[in-house]
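Please treat every number below as a calculation from the coordinates, not as lab data. All figures in this text were calculated on a predicted structure; none of them were measured in a lab. Cβ placement follows ideal geometry from the backbone for every residue including glycine, while neighbour counts extend to all protein chains displayed.
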Amino acid sequence: MLVGYARTSTLDQRAGLEGQQRDLEAAGCDRVFVEQVSSVDVTAREKLAEALSSQVHQ
């Protein structure tokens, strides 16, 4: 399974987030994890942790 992760830090970057998601899907990702969270607080990236975990438990 090919997994993608898209992130932006603000709502102002919404178009960028949608573009990332579209590009990941076009690249063949079976599942795309998406979140808007600050780049400063790495511990707040719940979707990143979920994406990584989804690959470990296959």
Open item on the list: Spelling out what I want: for every residue of region 41-56, take phi, set θ = phi - 60°, compute 6.51 cos²θ - 1.76 cosθ + 1.60 (Karplus), and round to whole Hz; glycine and proline get x.
Closed with: 9, 5, 5, 7, 7, 5, 5, 5, 4, 5, 4, 5, 5, 5, 8, 5
- [ ] Calculate one ³J(HN,Hα) per residue across region 24-29 by plugging θ = phi - 60° into the Karplus curve 6.51 cos²θ - 1.76 cosθ + 1.60, and present them in order as whole Hz with x for glycine and proline.
- [x] 5, 5, 5, 7, x, 5
Task: Counted charge near S53, where neighbours are those whose Cβ lies closer than 13 Å (Asp, Glu -1; Lys, Arg +1) - done: +1
Task: Residues in region 21-58 that a label on M1 would reach, taking backbone N under 18 Å of a point 7 Å out along Cα→Cβ - done: 24-35, 46-58
- [ ] For Y5, enumerate residues with amide H under 5 Å from its amide H, sequence gap 5+ or separate chain, H modeled in the peptide plane.
- [x] F33
Task: Test item: Cα-centred dipole of region 2-58, Lys/Arg +1 and Asp/Glu -1 on Cβ, debye - done: 40
TODO: Would you calculate a helix-derived [θ] at 222 nm for the chain, using -39,500 (n - 2.57) for each DSSP H run of n ≥ 4 and dividing by the full residue count, to the nearest 500?
DONE: -13000 deg cm²/dmol
Open item on the list: Test of understanding: what is the full-extension gain from S54 to D41, defined as 0.36 nm times their sequence separation minus their Cα-Cα distance?
Closed with: 2.5 nm
